[in-house]
Amino acid sequence: MRAMLCRAYGPVDDLAMGELPSPALAPGEVRLRVAACGVNFPDVLIVQGKYQFKPEPPFAPGGEVSGTVVEVGAAVEGFRVGDAVIATTLWGGFAEEVVTTADRLLHRPESMDEVTAAGFALTYGTSYHALVQRAALAPGETVLVLGAAGGVGVAAIQIAKALGARVIAAAGSADKLAFARAQGADETVNYTEDGYRDRLKELTGGRGVDVVYDPVGGDLLDPSLRSMAWNGRYLVVGFASGEIPRIPANLTLLKGCSVVGVFWGQFRRNEPELDAENFRRLFALHAEGRISPVISATFPLERAREALAVLSGRAAKGKVVLTV
Ligand SMILES: NC(=O)c1ccc[n+]([C@@H]2O[C@H](COP(=O)([O-])OP(=O)(O)OC[C@H]3O[C@@H](n4cnc5c(N)ncnc54)[C@H](OP(=O)(O)O)[C@@H]3O)[C@@H](O)[C@H]2O)c1
């Protein structure tokens, strides 16, 4: 099968199309024909050898796909040849075919086309788990979403609104803030300009925000943590800035707040039933039109390098998806 291959860890520019063998299925596995593949920041990190998982090169990146089941291994229940599915694969998605275990599959809901479905599971799965299980977000609370125009950021805005929260979207340009507002954010703030903390104070009447959703890290942690309300929850989601910040422990004491880690992939492995329930709710919200991925760009598989460069160049709005 044809795939976009990483032959050695390094810059995304080194990726090139090539052939991978089509392995025989082990018990519990299924083979999918890939229709589309979502592009996520972890794909950039995995190619550079900077992610938690380090697959042996040559491998294809690509952590989530939509497609059709073309072969079912022994001991697989709930999926048949011809089923339309979504799979979260960690890597391997930038390819014509994917072999994965059935526990990584979801039936694609009728409300979603293949391209939308390829850009759904990772970002919405992460943001729902973050806001519901990790933050226990309550209606009426205020959520500050950092990196608000990016993949997980847009999902966080839409989900927080659907849960009845007030959303302050924070991003690095006026253009991205306008985009975040179009996704339902009530207020916006540019964190690259002076007066970031003053603006948050003003927007919350001096009280601070109840929840911070942070997929960016770096220098943003300190002023954002200082802008929290009593009993707040600071969600550590990722480090798109490239810098893992240190947390000043004294601030958590002074603010009476919690700093809470979010690791959706591990949550999925540890608590699969709760994750499945999350997806039932997410698919219902999608069918009701209350959440919807914004696919701002699609590229054919052969142009995966350009798609990854959009993310690493800080230029992505919503989701970028590859069509296969
Ligand atoms: N914890 C989990 O389970 C989990 C799951 C999925 C993803 N993640 C993590 O979440 C983060 C975001 O992923 P994503 O797919 O949403 O990425 P994305 O679409 O590229 O969004 C990342 C945002 O970060 C901001 N940013 C700040 N500095 C940046 C830089 N130097 N390079 C790139 N972006 C920068 C950008 O917004 P501005 O330009 O507005 O600042 C951008 O919109 C990643 O670190 C990823 O690993 C974590």
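The values are calculated or read from the model by the stated rules, or taken from the named source; none is laboratory data. Remember, predicted model here, so these are calculated numbers, not experimental data. Here the Cβ positions follow ideal geometry from the backbone for every residue, glycine too, while neighbour counts run over all protein chains shown. For accessibility, only protein heavy atoms count, side chains too; no ligands or nucleic acids. Shrake-Rupley method; radii C 1.70, N 1.55, O 1.52, S 1.80 Å.
What are the residues in segment 51-83 that are surrounded by fewer than 16 Cβ atoms within 10 Å (Cβ to Cβ) and either within 16 Å of the ligand (Cβ to nearest atom) or among the charged types (D, E, K, R) (or both), if any?
Across segment 51-83, the qualifying residues are GLN52, PHE53, LYS54, GLU56, GLU77, ARG80.
Among (1) in contact (Cβ under 8 Å) with a residue 60 or more places away in the chain; (2) in the same structural domain as ASP198 (by TED's automatic domain parsing); (3) open to solvent by 20 Å² or more (accessible area, probe 1.4 Å); (4) not charged (D, E, K, R), where does TYR128 come up short?
(3)
Given the options ALA229, ALA180, ALA276, name the one that is away from the ligand (no atom under 15 Å from the Cβ) and part of a helix (DSSP H, G or I). Step through it out loud before you land on a result.
On the way: ALA229 fails: part of a helix (DSSP H, G or I); ALA180 fails: away from the ligand (no atom under 15 Å from the Cβ).
None of the others qualify; the one that does is ALA276.
If I go through segment 24-83 residue by residue, how many of them are of a type in the set (Val, Ile, Thr), part of a strand (DSSP E or B) and farther than 28 Å from GLY150 by Cα? It would help to see each step written out before you state the result.
Taking segment 24-83 and keeping what is of a type in the set (Val, Ile, Thr), we get 30, 34, 39, 44, 46-47, 65, 68-70, 72, 76, 81.
In the following step, the residues that additionally are part of a strand (DSSP E or B) were identified as 30, 34, 39, 65, 68-70, 72.
Those still in the list that are farther than 28 Å from GLY150 by Cα too: 30, 69-70, 72.
So the count comes out to 4.
Going residue by residue through segment 191-202, is there one that turns out to be hydroxyl-bearing (Ser, Thr, Tyr), open to solvent by less than 10 Å² (accessible area, probe 1.4 Å) and on the phi < 0 side of the Ramachandran plot? Give the steps one after another, and end with the answer.
Kept after step one, since they are hydroxyl-bearing (Ser, Thr, Tyr), are these residues of segment 191-202: 191-192, 196.
When the remaining residues are screened for being open to solvent by less than 10 Å² (accessible area, probe 1.4 Å), the result is none.
Within segment 191-202, none of the residues are hydroxyl-bearing (Ser, Thr, Tyr), open to solvent by less than 10 Å² (accessible area, probe 1.4 Å) and on the phi < 0 side of the Ramachandran plot.
Just to be sure before I move on: is ALA135 near the ligand (Cβ under 10 Å from one of its atoms), open to solvent by less than 10 Å² (accessible area, probe 1.4 Å) and in the same structural domain as LYS201 (by TED's automatic domain parsing) in the structure I sent? Can you show your working first?
Values: near the ligand (Cβ under 10 Å from one of its atoms): no; open to solvent by less than 10 Å² (accessible area, probe 1.4 Å): yes; in the same structural domain as LYS201 (by TED's automatic domain parsing): yes.
The answer is no for ALA135.
Filtering segment 252-266 down to residues that are under 28 Å from the mean Cα position of the chain (by Cα) and not polar (S, T, N, Q), which residue is most open to solvent (accessible area, probe 1.4 Å)? Quick ask: steps written out before the conclusion?
Going residue by residue through segment 252-266, those that are under 28 Å from the mean Cα position of the chain (by Cα) are 252, 257-266.
In the following step, the residues that additionally are not polar (S, T, N, Q) were identified as 257, 259-265.
Numbers: CYS257: 17, VAL259: 56, VAL260: 18, GLY261: 42, VAL262: 20, PHE263: 81, TRP264: 20, GLY265: 18 Å².
If we take residues in segment 252-266 being under 28 Å from the mean Cα position of the chain (by Cα) and not polar (S, T, N, Q), then PHE263 is most open to solvent (accessible area, probe 1.4 Å).
I'd like to know if segment 159-175 contains one or more residues that are more than 9 Å from the ligand (Cβ to nearest atom) and within 13 Å of the chain's Cα centre (by Cα).
Within segment 159-175, one or more residues are more than 9 Å from the ligand (Cβ to nearest atom) and within 13 Å of the chain's Cα centre (by Cα).
Evaluate the following for GLU271: is it over 27 Å from LYS176 (Cβ atoms) and open to solvent by 40 Å² or more (accessible area, probe 1.4 Å)?
Values: over 27 Å from LYS176 (Cβ atoms): yes; open to solvent by 40 Å² or more (accessible area, probe 1.4 Å): yes.
Yes, satisfied.
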